[in-house]
Amino acid sequence: MSFRGNDGRKTGLAIIMIGLMLVIIGFGNYFEDKLKATTLTQNNISTFKMYKVENCIDYGLPSEWINSKISVANKNIAYCSEFISTDGLVKGNVEVWNNKDTKDIVKENEQSIEKIGIKQYKTESKKIGDNNGYLTKYEMKKMNGKNYKKYDYVFKVGKNNVVARFYIEGKNYKENTPILLENILETFVSN
């Protein structure tokens with residue numbers, strides 16, 4: 001008789017623990033969304049301006065940032081634009097690639113990083129909004145002596161492979177910078 005009683009208590013305790021874990025996960029997701037909104041406010045970002053790449057993707061950048069389309073010599077790149085924040089703290093570019101597998105683009109990116117003498121970098125799988133992709137993080141010292149933290153995201157949006165690169169001078173890097181970048185990346189959608 002006591003064996004069954006202890007079994008019932010253990011089962012009840014297990015159910016309570018599982019319930020508490022689900023509540024904690026639910027609150028975590030709620031606060032994560034609030035954190036993203038707070039990050040935008042802290043970085044003085046109120047709205048995003050949407051950019052359209054014909055028959056490919058739409059993406060948004062903070063409306064105060066400057067973005068300009070450029071032409072590149074690489075035939076694998078169908079679209080390229082460069083952007084800079086109004087305070088000059090964040091710089092980067094967006095590329096849409098033709099006919100290349102995402103993993104091949106990541107490998108090519110890593111080879112480019114190694115060619116400029118950077119041995120320490122980290123590539124990891126990353127969920128970007130509804131898209132799966134990769135993030136390569138590394139630091140680079142420029143000729144002017146400034147250190148930059150670099151984030152190279154490679155991901156698929158619909159049928160298109162997108163590369164989004166961000167450069168932040170080391171002294172301007174904030175703990176919430178990755179959240180800001182992810183907020184930007186979540187605006188990328190297929191059109």
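Coordinate-derived values only; no laboratory data. Everything numeric here is computed off the predicted structure, so don't read it as measured data. Methodologically, a virtual Cβ is constructed for each residue, glycine included, from the backbone with ideal geometry; neighbour enumeration extends over all protein chains shown.
Applying the Karplus parametrisation 6.51 cos²θ - 1.76 cosθ + 1.60 with θ = phi - 60° to the phi angles of region 101-110, what ³J(HN,Hα) value in whole Hz is obtained for each residue in order, glycine and proline being reported as x?
6, 4, 5, 5, 5, 4, 4, 5, 5, 4
Tell me the mean residue ellipticity at 222 nm calculated for the chain from its helices only (DSSP H runs of n ≥ 4, each -39500 (n - 2.57), averaged over every residue, nearest 500). List each step's numbers first, then the result.
Details: 3 runs with 64 residues, N = 191.
For the chain, the value works out to -11500 deg cm²/dmol.
What list of ³J(HN,Hα) values in whole Hz, one per residue of region 75-92 in order, does the Karplus curve 6.51 cos²θ - 1.76 cosθ + 1.60 (θ = phi - 60°) give from phi, with Gly and Pro shown as x?
5, 7, 9, 7, 8, 8, 9, 10, 9, 8, 6, 4, 8, x, 7, 10, 10, x
Would you mind telling me which residue in Thr136, Thr11, Thr47 has the biggest mean-square fluctuation in a Gaussian network model of the chain, where springs connect alpha carbons within a distance under 10 angstrom?
In this elastic network of the chain, the residue with the biggest mean-square fluctuation among Thr136, Thr11, Thr47 is Thr11.
Under 11 Å from the Cβ of Asp101, count the other residues' Cβ atoms, weight Lys and Arg +1, Asp and Glu -1, and hand me the total.
Charge balance near Asp101 sits at +2.
Suppose R0 equals 41 Å. What FRET efficiency, 1/(1 + (r/R0)^6) with r the Cβ-Cβ distance, do Asp101 and Glu169 give to the nearest 0.05?
On the way: r = 33 Å, r/R0 = 0.79.
FRET efficiency, Asp101 to Glu169: 0.80.
Karplus couplings for region 164-170 from phi (6.51 cos²θ - 1.76 cosθ + 1.60, θ = phi - 60°), rounded to Hz, Gly and Pro as x?
So the J values, rounded to whole Hz, are 10, 10, 10, 10, 10, 4, x.
Could you give the angle, 0 to 90 degrees to the nearest 10, between helix 2-42's Cα long axis and the longest principal axis of the Cα atoms of the chain?
Roughly 30 degrees, rounded to the nearest 10.
Might you report the magnitude of the Cβ-based charge dipole of the chain about its Cα centre, with Lys and Arg at +1 and Asp and Glu at -1, to the nearest 20 debye?
Details: 29 positive and 22 negative charges, 91 e Å.
Once rounded to the nearest 20, the dipole reads 440 debye.
Which shape class, rounded, prolate or oblate, goes with region 98-191 when its Cα gyration tensor gives a ≥ b ≥ c as root eigenvalues, a/c under 1.5 marks rounded, and past that a/b bigger than b/c marks prolate? Can you show the working numbers first?
Values: a/c = 2.39, a/b = 1.35, b/c = 1.77.
The shape class here is oblate.
Which distance in nm do the two modelled labels at Thr86 and Ile15 give, with both placed 7 Å along the Cα-to-Cβ direction?
Taking the simple label geometry, Thr86 and Ile15 are separated by 5.7 nm.
Using modelled amide H (1.01 Å from N, peptide plane; none on Pro or chain starts), what sits under 5 Å from the amide H of Gly92, excluding residues fewer than 5 places away?
Here the answer is Phe83, Tyr167, since their amide H atoms fall under 5 Å of that of Gly92.
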